[in-house]
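Okay, so here's the structure we're looking at.
Every number in this text was worked out from the coordinates using simple rules, so none of it is lab data. What you see is a predicted model; the values in this text were computed from it and never measured. Positions of Cβ are backbone-derived with ideal geometry, glycine not excepted, and every protein chain shown enters the neighbour counts.
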Amino acid sequence: MSDFRYRAAPSPTGKVHVGTIRAYLPNYLLAKKYGGKNILRIEDTDQTRLVPNGVEAMIEAYEEVGITFDEGPHVGGKVGPYVQSDRLDIYKEYAQKLIDTGNAYYCFCSKERLEELRESQRANKQRPMYDGHCRDISVEDAKARVANGEPHVVRMKFPKEGGTVCHDLIFGKVSVKNSDVEDQILMKGDGFPTYHLAVVVDDHLMGITTAIRGVDWLPSYPKHVKLYEMFGWEPPKFAHLPLILNPDGRKKLSKRHGAFPVSQILRKGYLKEAIMNYSILCGWSPKPEDAHQDEIYTPEELIQLFELERVHKTAARYDQQKFDYINAKHIRRLDLDTLVEKVMHWAKKYVLGTFISDAYTEPAAWEPELKSLVAKYLPKWESDLEYFKRALSLEKERITVLGDIPAALDFFYEDTLTWTDEDWNLKNHSKNELADALEVVLPRLEEIFKDENYDHEEWEKVVRGYADELGWKHGDLFLAIRSATTGRLQSPPLLDCYAIMGWNKVKRFIEQSIVWLRK
RNA sequence: GCCGCUAUCGUCUAUCGGUUAGGACAACGGGUUUUCAUCCCGUAAAGCAGGGUUCGAUUCCCUGUAGCGGCACCA
């Protein structure tokens, strides 16, 4: 056990994707590794951007991929409240302290004036920055104007001289000239704090020992360091995580740029182990001596191996193919019983069930079809789990996501097969020729399979022998039988399939196929 | 525009001054397999540019270039 405390501090937009997961995963991993606490704090100080049920939707997404919290709005804890809009009095109190100590001041500049200021600075090719217009208003005057009801904000009085040096666990030393830092607004006109005041106050009050956030916060890190100094507090350690870029490497990963919501990732059938595995590998790698050559790690291994010191400084691109590879590997790793369990959970909860975020997430193009397939097959799967398990064992090595399963297993569950020309190899033989061949081969197969005895040698002998009689390439006849009995050009080994399906079904499919081919 | 951060195969990365620059995904070729997939073997593929420091730089420093991030009463 340790006193390490980490926090995830999302604003309640209700959206969670791989980038979000990657951002919060280190907290979870490190808390587990060191026996510390992972805390969830909701940063909802922007009242203009609230999403109904956003918090619940996000908690659901985190927990479904395995990121759990020890303290937070949903589980409580001793340093709450964990929602910033419930902490307004606290921020007010601390803002007042800064004013009292001369580290902050009231600013009465209108939004219009600030806008004009920025415009003219931009026009002069200067960095837009507050000009300190209200910085030197005397405290008495300012207080009188506030008492008078004049609209105002509270700004931080950042020193003009010298520089500020910050230390980051990932980036090392980061320094800025103080004159490049503006007097950040700490309390807004509506009485809500800005992020800058709220994080500092909350991280301190909540006893956070390591604050992990995205590099997009690196530029404002000095303001936060200075705030700790002004309060006379010991700052936590900071780690700024590099971003994940969209697949083009152009922009940071976001919903607009190629990021799928976690709800859809789970629905498609990515395993939570794989989501963790892939997202943590974006910008981090284990020590060479601990690295696995195939780059596959279980959550337990990640907990053991992860360390901030080895996080990269560069942004990584989102790579769907690698994600697929990792997911496929995790699926292959599972023993059959566990896989069956996971498939059932996935089908019921993720495909047929709903995520809270579905209420405001546009469904992906593939969702309706997957849902209808699962709705159709799930009852059949469940009606004979042993049969399902045997069928699934043949596809385990062939799928990349659980969503591939319903279509892959369809012929095990259908009584009637349907074909299109695409399902046959018609390059060497016409449909009629295929039908003729199947007609002859059917009784010969019946001869060997009628007792449900699937002897590989016999089967090969019969098929090869007949192909020779016809003067066909062996493969052409095997392929025709495959199309006839599974409805597709690629399938698991036929005999393995037949042993599960049973001869009657196989026979029926061949008969149906002959009719279809003759049409 | 200003400020900051970063820079190794197409992509994700290893390397803590001396290596034939290693691995993974993807690509390609081969083997196993009646198909597909799995599995195994192999091929191709990289240090942004220019200056320093050093006996020796991918590694340290500077400059340039490029990319990303920030520049809100958003987080």
Going down the table (A:15/A:37; A:188/A:255; A:37/A:157; A:237/A:272; A:342/A:473), which pairs top 31 Å between alpha carbons?
-> A:37/A:157; A:342/A:473
The helix A:18-34 Cα axis meets the longest alpha-carbon principal axis of chain A at an angle in degrees, between 0 and 90 and rounded to 10, of 80 degrees
What angle, in degrees between 0 and 90 and rounded to the nearest 10, separates the Cα long axis of helix A:195-205 from the longest principal axis of the Cα atoms of chain A?
-> 90 degrees
At a Förster radius of 22 Å, what calculated FRET efficiency corresponds to the Cβ-Cβ distance of residue A:123 and residue A:180, to the nearest 0.05?
-> 0.65
Taking Cα pairs under 8 Å and at least six residues apart, what relative contact order does the range A:404-481 come out at, in percent?
-> 32 percent
How would you classify the range A:458-501 from its alpha-carbon gyration tensor, with a ≥ b ≥ c the square roots of the eigenvalues: rounded for a/c under 1.5, else prolate if a/b is greater than b/c, otherwise oblate?
-> oblate
In sequence order, what are the phi-derived ³J(HN,Hα) couplings for the range A:268-283 according to the Karplus relation 6.51 cos²θ - 1.76 cosθ + 1.60 with θ = phi - 60°, rounded to whole Hz, with x for glycine and proline?
-> 6, x, 8, 7, 5, 4, 6, 5, 4, 4, 5, 5, 6, 6, 6, x
Taking θ as phi - 60°, what are the ³J(HN,Hα) couplings along the range A:486-495 by the Karplus curve (6.51, -1.76, 1.60), each to the nearest whole Hz, with x for Gly and Pro?
-> 10, x, 8, 7, 10, 7, x, x, 4, 4
Using alpha-carbon pairs under 8 Å, 6+ residues apart, how would you state the relative contact order of chain A in percent?
-> 13 percent
Fewest to most Cβ atoms within 10 Å: A:160, A:268 sort as A:160, A:268
Largest-first ellipsoid semi-axes for chain A, taking √(5λ) over the Cα gyration tensor eigenvalues, angstrom | 64, 22, 20
Placed amide H near residue A:5: partners under 5 Å, 5+ positions off or other chain | A:37, A:209, A:210
Quick one: what are the phi-derived ³J(HN,Hα) couplings along the range A:65-71, Karplus 6.51/-1.76/1.60 with θ = phi - 60°, whole Hz, x for glycine and proline?
-> 8, x, 8, 10, 10, 8, 9
Return one number: the angle in degrees, 0 to 90 and rounded to the nearest 10, between the long axis of the Cα atoms of helix A:503-518 and the longest principal axis of the Cα atoms of chain A.
-> 90 degrees
Footprinting exposure proxy for A:340, A:515 (fewest neighbouring C-beta atoms within 10 Å first) | A:515, A:340
So which trypsin sites (Lys or Arg not before Pro) in the range A:1-44 are both in a DSSP loop and have at most 11 other Cβ atoms within 10 Å of their Cβ?
-> none
Length-normalised contact order of the range A:87-241, Cα under 8 Å, at least 6 apart, in percent, tallies to 24 percent
Tell me, A:282, A:134, A:497 in order of fewest to most beta-carbon neighbours within 10 Å?
-> A:134, A:497, A:282
